[in-house]
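Asks: Before we start, here is the structure in question, set down as structure tokens.
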Amino acid sequence: PPTKRVCVLGSGNWGSTAARIIGNNVLRLPDFDDRVNIWVYEELVNGRKLTEIINTQHENVKYLPGHRLPDNVTAVADAREAVRGATHIVVVIPHQFVQDLLATIRGTVDPGARAISLIKGIAISSEGMTTMTQIIHRALGIPVASLSGANIADEIAEEKYCETTIGCRDAADAAAWRSLFDTSYFQVNCVADVVGVEFCGALKNVVAVGAGFIDGLGLGNNTKAAIIRIGFLEMRRLAMHLSGAQIQDATFMESCGMADVITTCYGGRNRRLAEEFVKTGKRMSQLEQELLNGQKLQGYLTAGEVYSYIESRGIAEHFPLFTNIYQICYQGRHPRSIFDGLNVDFSRD
Ligand code: NAD
Ligand code: 13P
């Protein structure tokens, strides 16, 4: 009989897509129970509970419309109930909500369970900057892996070929996570660099905001490529600084690194709303409310978190692009000031 069970915590655009993949994969994995619980932050959609819609129509009509979820994926509104008995916990909610969710489920999680974070974000605390795997590990006391890649959820739900990167130190755990996620159209590569994978995923969202500014200004491909290049190097510089140079350089060449910067700077929500920011002059939070139908942005929040860290440590001058993006988002500087001071020497990084 199966001894393992998966719970997906989060049912947004990516959470629903991940549940669709996992729900199909567990059906051919004898160790895993067929039932996959997906925790849904409950809301009413056209007067009906979203959990009820998912459990009857097998579709997340709000966050992943047009794609059927496997019948063995069950929506649960109570996070504690969803996670009870799970051996494999997939955490995939916008990063600003993770602390509240962890406080809710603490004490309910099986001490022998494992988690994986699909979240792209970081947190600032009194100790400095913390990654999502570190926060989850501290709250739940279980091993936590990371998954990040050039993974626009809608394209994956359409089963268009792409790659992703799993960061996991333990080889047996990595094999289990791979078996849950890998498909012919979603190719998993595992590395041991857990934190490197997640820093890439979080920091590229700031670069995507910059790319959106370039689009909003009506500038061209060359300009955007310059922002991508400099952004990529600032990502690497900051990730190396934060990790005490523990990150493998090779991680930046995985799907979670270079490839994710490219896809997000061309096709992501952060890019799209940053373009609107320039064109309309509205705040990011307002555009998020008006244009995303409940979906959430991570990039402008991460820009704020990054700036608060680099400014408090006196190292902002080494990150002119991140600094400019922050000041354009929050301090009313003109988007054209994105180019100020970008002639940085990265040759010794
Ligand atoms: P989303 O932006 O599509 O949806 C927002 C989700 O947050 C909804 O499920 C909503 O119910 C939930 N929510 C709203 N208020 C909440 C609250 N107070 N507490 C808890 N949940 C609340 O979500 P997503 O795209 O699945 O994003 C989750 C994470 O995955 C993010 O870190 C994102 O960067 C990352 N990610 C997204 C994609 C993508 O293409 N969508 C791809 C890779 C990674
Ligand atoms: P956005 O949140 O900007 O849509 O990016 C999605 C993503 O992380 C693609 O890998």
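The values are calculated or read from the model by the stated rules, or taken from the named source; none is laboratory data. In this text the structure is predicted, and so the values were computed from the model without any measurement. Glycine also receives a Cβ, built like all others from the backbone with ideal geometry; neighbour counts cover every protein chain displayed.
Asks: Hey, does segment 158-168 have a residue that's part of a strand (DSSP E or B), at pLDDT below 95 and touching a Leu at 6+ places or on another chain (Cβ under 8 Å)?
Replies: The first filter runs over segment 158-168 and keeps only residues part of a strand (DSSP E or B), leaving 162-167.
Still in the list and also at pLDDT below 95: none.
Checked segment 158-168: no residue is part of a strand (DSSP E or B), at pLDDT below 95 and touching a Leu at 6+ places or on another chain (Cβ under 8 Å).
Asks: OK, next. Select the helices (runs of 4 or more DSSP H) contained entirely in segment 50-105, then report the ones holding at least 2 residues which are under 15 Å from Gly12 (Cα atoms).
Replies: Numbers: elements: 50-57, 79-83, 98-105.
Answer list for segment 50-105: 50-57, 98-105.
Asks: For segment 88-122, enumerate the residues that are away from ligand 2 (no atom under 15 Å from the Cβ), of a type outside the set (Asp, Glu) and surrounded by fewer than 18 Cβ atoms within 10 Å (Cβ to Cβ).
Replies: Passing the criteria: Gln99, Ala103, Thr104, Arg106, Gly107, Thr108, Pro111, Gly112.
Asks: Any idea how many residues of segment 223-241 are surrounded by 22 or more Cβ atoms within 10 Å (Cβ to Cβ) and either free of Cβ contacts under 8 Å to residues at least 12 places away in the same chain or farther than 21 Å from Phe213 by Cβ (or both)?
Replies: 1
Asks: Oh, and also: Among the residues of segment 266-283, are any touching a helix residue (DSSP H, G or I) at 6+ places or on another chain (Cβ under 9 Å), within 16 Å of ligand 1 (Cβ to nearest atom), of a type in the set (Ser, Thr, Tyr) and in contact (Cβ under 8 Å) with a residue 40 or more places away in the chain?
Replies: Checked against the condition, which is being touching a helix residue (DSSP H, G or I) at 6+ places or on another chain (Cβ under 9 Å), within 16 Å of ligand 1 (Cβ to nearest atom), of a type in the set (Ser, Thr, Tyr) and in contact (Cβ under 8 Å) with a residue 40 or more places away in the chain, segment 266-283 yields at least one hit.
Asks: While we're on this one: Please give the number of the condition Arg333 fails out of (1) over 20 Å from the mean Cα position of the chain (by Cα); (2) in a loop (DSSP other than H, G, I, E, B); (3) among the basic types (Lys, Arg); (4) closer than 30 Å to Lys62 by Cβ.
Replies: Every listed condition holds for Arg333 apart from (4).
Asks: May I pose another question? Give segment 112-157 a look and list any residue that's of a type outside the set (A, V, I, L, M, F, W, C), in a strand (DSSP E or B) and within 10 Å of ligand 1 (Cβ to nearest atom), or say none.
Replies: Initial filter on segment 112-157 (of a type outside the set (A, V, I, L, M, F, W, C)): 112, 114, 117, 120-121, 125-128, 130-131, 133-134, 137-138, 141, 143, 146, 148-149, 151, 154-155.
If we keep only those that are in a strand (DSSP E or B) too, we end up with 114, 117, 125, 128, 130-131, 146, 148.
Correct list: Ser117, Ser148.
Asks: So, one more: Can you work out which of the residues in segment 1-54 that are polar (S, T, N, Q) and crowded, with 18+ Cβ neighbours inside 10 Å is nearest to ligand 2 (Cβ to nearest atom)?
Replies: Looking only at segment 1-54, we keep the residues that are polar (S, T, N, Q), and these are 3, 11, 13, 16-17, 24-25, 37, 46, 51.
Pick out the ones that are also crowded, with 18+ Cβ neighbours inside 10 Å and you get 11, 13, 16-17, 25, 37, 51.
On the way: Ser11: 16, Asn13: 8, Ser16: 14, Thr17: 11, Asn25: 20, Asn37: 24, Thr51: 24 Å.
The selected residue is Asn13.
Asks: Starting from segment 156-176, take each residue that is surrounded by fewer than 21 Cβ atoms within 10 Å (Cβ to Cβ) and list its partners that are of a type in the set (Phe, Trp, Tyr) and not in a helix (DSSP H, G or I), counting only C-beta distances under 6 angstrom and pairs at least six apart or across chains.
Replies: Close Cβ pairs (under 6 Å, with a partner that is of a type in the set (Phe, Trp, Tyr) and not in a helix (DSSP H, G or I)) amount to Glu159/Tyr185; Tyr161/Tyr185.
Asks: Which numbered condition trips up Pro70, out of (1) within 16 Å of ligand 2 (Cβ to nearest atom); (2) surrounded by fewer than 24 Cβ atoms within 10 Å (Cβ to Cβ); (3) within 22 Å of Phe186 (Cβ to Cβ)?
Replies: Among (1) within 16 Å of ligand 2 (Cβ to nearest atom); (2) surrounded by fewer than 24 Cβ atoms within 10 Å (Cβ to Cβ); (3) within 22 Å of Phe186 (Cβ to Cβ), the lone unmet condition for Pro70 is (1).
Asks: Within segment 263-309, restricting attention to residues that are more than 11 Å from ligand 2 (Cβ to nearest atom) and not in a helix (DSSP H, G or I), which residue is nearest to the chain's Cα centre (by Cα)?
Replies: Gly294
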